[in-house]
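Q: For reference, the structure I am asking about is given below.
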Amino acid sequence: MLNDWLYILWDWFWYFRRGKVKYRVLDLGDSYEANASDGNIAVWNCYGSTPEAAKEMAEFQLRRAYEESEI
């Protein structure tokens, strides 16, 4: 329980407070999954054959989520 609050506080202090985007890329064996969040909008299940491709897909999905939220 305490660890969850520490992660939330750490993410807010180092990423979201400064307007940065936090990326997390997971190795699934034969592919990679990326998650991205800016504190307000989050995307997940962005797959790619390399870590860079998965991160690029997460950036694209986050940009698309921003455009949808403005409408």
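The values are calculated or read from the model by the stated rules, or taken from the named source; none is laboratory data. Just so we're clear, the structure is a prediction, and the values are computed from it rather than from any experiment. Every residue, glycine among them, receives a Cβ derived from its backbone with ideal geometry; neighbour counts consider all protein chains shown.
Q: Going by the conditions given, is Trp10 without any contact (Cβ under 8 Å) to a residue 60 or more places away in the chain and under 25 Å from Glu70 (Cα atoms)?
A: No: the conditions fail for Trp10.
Q: For segment 20-40, which residues satisfy the criterion of being of a type in the set (A, V, I, L, M) and modelled with pLDDT of 90 or more?
A: Within segment 20-40, Val25, Leu26, Leu28, Ala34, Ala36 meet the criteria.
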